[in-house]
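A.B. asks: Here you go, one structure.
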Amino acid sequence: MTLLTVDNLGITFGGLVALDSLSFTVPKGQITAIIGPNGAGKTTLFNIITGFYQAQTGTITLHRDAGPLVLNGKPDYWIARHAGIARTFQTSRLFPRMTALENLLVAQHNRLMKASFFSLAGLAGLAGFKKAERDAIDKARFWLEQVGLTGSANVPVGSLAYGLQRRLEIARSMCADPALLCLDEPAAGLNPKESLELVDLLALIRSRFGATQLLVEHDMSVVMGLSDKVVVLEYGRKIAEGAPQQIRHDPAVIRAYLGEPPDEDIPVDIAQDLDKC
């Protein structure tokens, strides 16, 4: 099944074409990676999907059991609340003075506010709100356990190592029960050991919880070791789409990264060569 359809998407900034007639699909329950050289339009695409930017042409459709939901024209907070699309960013957006547990409770703010009748039930101490609060804490502790941070529940996030903060960001997104998890360079700044642990975590989220993931990443070992499908962009256009094994030897992809067609007599492994760029 297809969860997300991107159809003929386009946006320009002044005279710069950031995305040009871009179309692809995101299969439900799988991990789809978006790759491409710097300036290819990857983060712009994420900003449009999550409502930070509005596309000038094309449509984005989320396919739900209740029927298709067109995301065009919807602001970021609406997409997060009603479409169930969660996102991480290239740089940390955690609250450094809050504890790890408190950061995961923030992700459940909308649910808690609804249960409290926008604070009235909370102030009155009604049973319904108390149960919702307990459930939120239980969910936060559950995801802390999944990312290996149970022992850091009450530790201010600003004192955690960078790699642990990246894992916490993913846990915070999962506390929102997303239909689609968008991950913007989750391996950025991680060492090789941390990158391998990240691959294991995202694979677990896919296999155990069936979470559909859309991934932008420069680390080709992460992309090729984790993705079910890869979409390659260059100057805002799609130049390739397919399984990782198909993409890693695609001449158009290699040309986009390395600037020249491969020598037919020399085998090229894009998973190795792209990391050198």
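The values are calculated or read from the model by the stated rules, or taken from the named source; none is laboratory data. Model, not experiment: these values are computed from the prediction. Here the Cβ positions follow ideal geometry from the backbone for every residue, glycine too, while neighbour counts run over all protein chains shown.
A.B. asks: Take the conditions within 16 Å of the chain's Cα centre (by Cα), exposed (fewer than 15 other Cβ atoms within 10 Å of the Cβ) and within 26 Å of TYR162 (Cα to Cα) and apply them to PHE52. Does it pass?
C.D. replies: For PHE52, the condition - within 16 Å of the chain's Cα centre (by Cα), exposed (fewer than 15 other Cβ atoms within 10 Å of the Cβ) and within 26 Å of TYR162 (Cα to Cα) - is met.
A.B. asks: Take segment 57-77 and flag every residue that is in contact with a Gly (Cβ under 7 Å, 6 or more places away or on another chain) and exposed (fewer than 14 other Cβ atoms within 10 Å of the Cβ).
C.D. replies: If the condition is that a residue be in contact with a Gly (Cβ under 7 Å, 6 or more places away or on another chain) and exposed (fewer than 14 other Cβ atoms within 10 Å of the Cβ), then PRO75 is the only one that fits.
A.B. asks: Go through segment 1-63 and tell me which strands (runs of 3 or more DSSP E), entirely inside it, have 2 or more residues that are under 19 Å from ILE247 (Cβ atoms).
C.D. replies: Per the criteria, 16-27, 31-35.
A.B. asks: If you take the residues of segment 78-107 that are modelled with pLDDT under 90 and of a type in the set (Ser, Thr, Tyr), which of them is surrounded by the fewest Cβ atoms within 10 Å (Cβ to Cβ)?
C.D. replies: Only one residue fits best here, namely THR91.
A.B. asks: Considering each residue of segment 3-50, count those that are farther than 19 Å from ARG87 by Cα and β-branched (Val, Ile, Thr), and give that number.
C.D. replies: The number of residues fulfilling the criteria is 3.
A.B. asks: Then there is this: Within segment 149-185, how many residues are over 23 Å from ILE85 (Cβ atoms), in contact (Cβ under 8 Å) with a residue 24 or more places away in the chain and assigned to a loop (DSSP other than H, G, I, E, B)?
C.D. replies: Going through segment 149-185 one residue at a time, the tally reaches 5.
A.B. asks: To continue, here is another question. Identify the residue in segment 130-166 that is modelled with pLDDT of 95 or more and hydroxyl-bearing (Ser, Thr, Tyr) and, among all such residues, is surrounded by the fewest Cβ atoms within 10 Å (Cβ to Cβ).
C.D. replies: Selected residue: SER159.
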